[in-house]
1. In region 182-240, which residue that is of a type in the set (Phe, Trp, Tyr) and part of a loop (DSSP other than H, G, I, E, B) is nearest to the ligand (Cβ to nearest atom)?
2. Could you figure out which of (1) in contact (Cβ under 8 Å) with a residue 40 or more places away in the chain; (2) of a type in the set (Gly, Ala, Ser); (3) within 25 Å of Lys123 (Cα to Cα) isn't true of Ser3?
3. Which residues, counting only those in region 211-229, are of a type outside the set (D, E, K, R), surrounded by fewer than 14 Cβ atoms within 10 Å (Cβ to Cβ) and in contact (Cβ under 8 Å) with a residue 24 or more places away in the chain?
4. Identify the residue in region 160-181 that is in contact with a Lys or Arg (Cβ under 8 Å, 6 or more places away or on another chain) and of a type in the set (A, V, I, L, M) and, among all such residues, is nearest to the ligand (Cβ to nearest atom).
5. Only residues in region 68-96 that are modelled with pLDDT of 95 or more and in a helix (DSSP H, G or I) count as the first member; pair them with residues that are buried (at least 21 other Cβ atoms within 10 Å of the Cβ) and among the aromatic types (Phe, Trp, Tyr), Cβ under 8 angstrom, at least 6 apart or cross-chain, and list the lot.
6. How many residues, within region 52-85, are of a type in the set (Lys, Arg) and either outside the structural domain of Ala20 (by TED's automatic domain parsing) or in contact with a helix residue (DSSP H, G or I) (Cβ under 8 Å, 6 or more places away or on another chain) (or both)?
7. If Cys243 satisfies every condition in (1) in a helix (DSSP H, G or I); (2) within 13 Å of the ligand (Cβ to nearest atom) but one, which is the exception?
8. Restrict the check to region 142-150 and report whether at least one residue is more than 15 Å from the ligand (Cβ to nearest atom) and not in a helix (DSSP H, G or I).
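The values are calculated or read from the model by the stated rules, or taken from the named source; none is laboratory data. Because the structure is a prediction, the values reported are computed rather than measured. For neighbour counting, all protein chains shown are included, and Cβ atoms are generated from backbone atoms with ideal geometry for every residue, glycine included.
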Amino acid sequence: MPSLEKRVALVTGAGGGIGAAICHRLSKEGAFVVAADLNFDNASKVAEQVRQVGAGCLPIQLDVTDQLQWRSAVAETLRVAGGLDILVNNAGVAHIKPLEAVSVDEWNADINVNLNGAFLGIKESLNAMRERAERSPSGASIINIASVSALVGSPGMPAYSASKGGLRLFSKAVALDFAKRRYGIRVNSVYPGLIDTSLTTPLFESMRGANSSKDIEAIRAEMIEKYPIGRIGRPEEVAGVVCFLAGEDSSYMIGAELVVDGGLTA
Ligand code: NAI
């Protein structure tokens with residue numbers, strides 16, 4: 001039997017590289033997936049692909065920074081799927097600029113999406129997830145997608161680093177609260193290194209900086225040098241770890257941080 005059969009998962013940022021891979025993987029394991037993204041067209045494309053190979057998938061438009069939209073998204077999930085067992089806070093943005101160049105709006109955008117988005121998601125999903133967890137021996141699972149920028153300093157990314165560093169300890173704090181209150185909801189977080197998605201292009205461009213004659217491929221090669229494994233990661237390699245945290249095999253893991261970075265921070 002697939003490991004997540006009869007489970008319902010909501011994935012944010014589902015229209016992006018890692019989010020789409022997470023939707024595919026959870027669905028392959030039997031979960032009904034709600035693919036939520038600010039960009040409804042992208043969420044719809046992912047949902048259509050997922051439906052062809054896995055269990056059911058519902059696309060929804062969701063801005064994770066908007067509490068009322070979260071409320072509607074959870075209500076819609078309950079209406080269509082009858083419950084919520086797995087929440088993956090994956091939506092993210094990155095303003096890759098040194099402190100002097102970051103505007104207040106850009107700073108706030110990284111904090112709002114990457115940190116406040118997860119706070120609102122957990123706040124608005126909590127009752128539904130508790131209700132489901134009380135009736136299921138497997139409980140419920142929340143997975144927050146942070147970054148290696150939450151573990152070590154990332155030059156040129158102060159806003160992103162602050163948001164992901166905040167997400168790291170927020171995850172641990174709520175993980176402990178929920179465990180001690182016996183909610184049956186486990187909270188864990190994931191720390192990807194460089195993964196091949198649209199998010200990496202602005203990183204390479206910012207590394208090129210003033211030296212605009214430099215080839216992006218050369219910058220990519222320089223970046224790969226830093227990774228002991230000798231390559232950039234694939235979205236599926238993050239999705240596999242998320243799937244593990246979503247299911248029974250990680251039943252004794254609370255507030256854990258799983259690093260998926262090809263050895264970068266080892
Ligand atoms: P991506 O850019 O491919 O996807 C991000 C998705 O989030 C997009 O579909 C976008 O529409 C959505 N999004 C942005 N703002 C939103 C909002 N307010 N509400 C709802 N959705 C919103 O990026 P990728 O690489 O798939 O990133 C996924 C997560 O993984 C992010 O949290 C990112 O910080 C994290 N991550 C990515 C790494 C990488 O190298 N790609 C490395 C470490 C962490």
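1. Step one: filter region 182-240 for residues of a type in the set (Phe, Trp, Tyr), giving 183, 191, 204, 227.
If we keep only those that are part of a loop (DSSP other than H, G, I, E, B) as well, we get 183, 227.
Working: Tyr183: 24, Tyr227: 11 Å.
For region 182-240, the residue satisfying everything is Tyr227.
2. (3)
3. If we filter region 211-229 for residues that are of a type outside the set (D, E, K, R), which is where we start, we get 211-213, 216, 218-219, 221, 223-224, 227-229.
Right, trim to surrounded by fewer than 14 Cβ atoms within 10 Å (Cβ to Cβ) and you get 211-213, 216, 218, 221, 228-229.
Listed by number, the residues that qualify are Pro228, Ile229.
4. Just the residues of region 160-181 that are in contact with a Lys or Arg (Cβ under 8 Å, 6 or more places away or on another chain), to begin with: 175, 178-179.
In the following step, the residues that additionally are of a type in the set (A, V, I, L, M) were identified as 175, 179.
Details: Ala175: 18, Ala179: 24 Å.
Per the criteria, the residue is Ala175.
5. Every condition considered, the pairs that remain are Ala81/Phe32.
6. As a first pass, look at region 52-85 and keep what is of a type in the set (Lys, Arg): 71, 79.
Remaining after also requiring either outside the structural domain of Ala20 (by TED's automatic domain parsing) or in contact with a helix residue (DSSP H, G or I) (Cβ under 8 Å, 6 or more places away or on another chain) (or both): 71.
Here the count works out to 1.
7. If we test Cys243 against (1) in a helix (DSSP H, G or I); (2) within 13 Å of the ligand (Cβ to nearest atom), just (2) comes out false.
8. Taking region 142-150 first, the residues more than 15 Å from the ligand (Cβ to nearest atom) are none.
Checking region 142-150: not a single residue is more than 15 Å from the ligand (Cβ to nearest atom) and not in a helix (DSSP H, G or I).
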